[in-house]
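Below you'll find the structure, written out as structure tokens, and then a few comments.
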Amino acid sequence: MKIKIADDFDLDKIARSGQCFRVKKLSDDTYGFVTGRHTVEITANASSYDVSCSEEEWLEIWHPYFDLDTDYRRIRSSIPEDDVFLKKAADIGAGIRILRQDRFEMLISFIISQRKSIPAIKTSVERIVSLYGKDGFFPTSAEMAGATSEELAACGLGYRVPYILGAVRRVNDHEIDLDDLDLLPDDELVDRLKSFAGVGDKVANCIALFSYHRCALAPVDTWIARVIKEQYCGTNPFPRYGEYAGIMQQYMFYYMSVIRRQNKLTDIS
């Protein structure tokens, strides 16, 4: 099926934006995405995209997954001229979108993410999928209920093993219903996520942003901490952007972690 997307939409930038760990580049123009029990292959053409799913599945699953009801071009254009760093980072990062991802997968994935590079996170996530998932999908909490410390350690999880086991148990025993958390306001959602052992401020904000779509939240990792120190003299710039703070964070993160690191840039010029 062919579709057209008029707004910012860049498959490669989304894949490298640090929010999703199971996207696969299948060719120069084709990427495979997976969420829940659904997969899709998307190929970028000159003026349209080929997608491997039905129109019904696209509208029900992938349209909301890619947040296609939000006008990212308008959001970028709202950045004030005096925020030179963000203006440039957003121009470079145009095409990134905040994905609506599976909540249990994001909980486990971002617990894993602590002090790991993105390639290492991806490796650990794929090992979990191969051990406990079915048909290549990320496992449910029920499918991980029998996980052992030894098995998880073999996935390269190190000190995170008890955190993963605890999260699986709490979700599987219905001590916490991840879907019910969506009813909470941002601050309460973050606090509840932090009740999981091994989940601190950064991880909780990542889970809230990338699976609950709380776009007013801007996770602060080492890259963003550098931005705040180097570009904003230690003053947090995100309150200025209100409900779009998380989107602005993604532009900054992509610029710092992908573009600036690749090109060894020292400033925004």
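The values are calculated or read from the model by the stated rules, or taken from the named source; none is laboratory data. All values derive from a computational prediction rather than experimental measurement. In this analysis, Cβ positions are derived from the backbone assuming ideal geometry, glycine residues included, and neighbour counts consider all displayed protein chains.
Couple of notes before you dig in:
- Residue 46 fulfils the conditions (1) part of a loop (DSSP other than H, G, I, E, B); (2) touching a residue at least 60 places away in the same chain (Cβ under 8 Å) except for a single criterion, (2).
- The residues of the range 221-236 that are closer than 22 Å to residue 67 by Cβ and assigned to a loop (DSSP other than H, G, I, E, B) amount to a single one, 221.
- Residue that is nearest to residue 256 (Cα to Cα), among those in the range 1-29 that are part of a loop (DSSP other than H, G, I, E, B) and in contact with a strand residue (DSSP E or B) (Cβ under 6 Å, 6 or more places away or on another chain): 17
- Number of positions in the range 150-192 that are in a helix (DSSP H, G or I), without any contact (Cβ under 8 Å) to a residue 24 or more places away in the chain and more than 24 Å from residue 121 (Cβ to Cβ): 5
- Selection count where residues are within 18 Å of residue 17 (Cβ to Cβ), surrounded by 14 or more Cβ atoms within 10 Å (Cβ to Cβ) and of a type outside the set (Val, Ile, Thr), scope the range 118-134: 1
- Considered as a group, the residues in the range 143-174 that are among the charged types (D, E, K, R) and farther than 15 Å from residue 109 by Cα include one that is surrounded by the fewest Cβ atoms within 10 Å (Cβ to Cβ), and that residue is 150.
- For beta carbons closer than 8 Å, sequence separation of 6+ or different chains, a first residue in the range 90-108 that is surrounded by fewer than 22 Cβ atoms within 10 Å (Cβ to Cβ) and a second that is basic (Lys, Arg), the qualifying pairs are 91/76; 94/13; 94/73; 94/76; 95/13.
- Any hit, the range 170-193, residues being closer than 20 Å to residue 20 by Cα, touching an Asp or Glu at 6+ places or on another chain (Cβ under 8 Å), at pLDDT 95 or above and not polar (S, T, N, Q): yes
- Qualifying residue in the range 194-216 (condition: surrounded by fewer than 16 Cβ atoms within 10 Å (Cβ to Cβ), more than 28 Å from residue 67 (Cβ to Cβ) and out of contact with any Leu (no Cβ under 6 Å at 6 or more places or on another chain)): yes
- Of the criteria (1) part of a helix (DSSP H, G or I); (2) under 22 Å from residue 178 (Cβ atoms); (3) in contact with a Cys (Cβ under 8 Å, 6 or more places away or on another chain), which one residue 127 fails: (2)
- When residue 37 is tested against (1) touching a residue at least 24 places away in the same chain (Cβ under 8 Å); (2) surrounded by 15 or more Cβ atoms within 10 Å (Cβ to Cβ), exactly one condition is not met: (2).
- Conditions (1) surrounded by 13 or more Cβ atoms within 10 Å (Cβ to Cβ); (2) of a type in the set (Asp, Glu); (3) touching a residue at least 24 places away in the same chain (Cβ under 8 Å); number of the one not met by residue 29: (3)
- Applying a threshold of 9 Å to beta carbon distances and a minimum spacing of six or more residues, or different chains, the list of pairs starting in the range 236-249 at a residue that is surrounded by fewer than 21 Cβ atoms within 10 Å (Cβ to Cβ) and ending at one that is of a type in the set (Asp, Glu) reads 237/83; 240/83.
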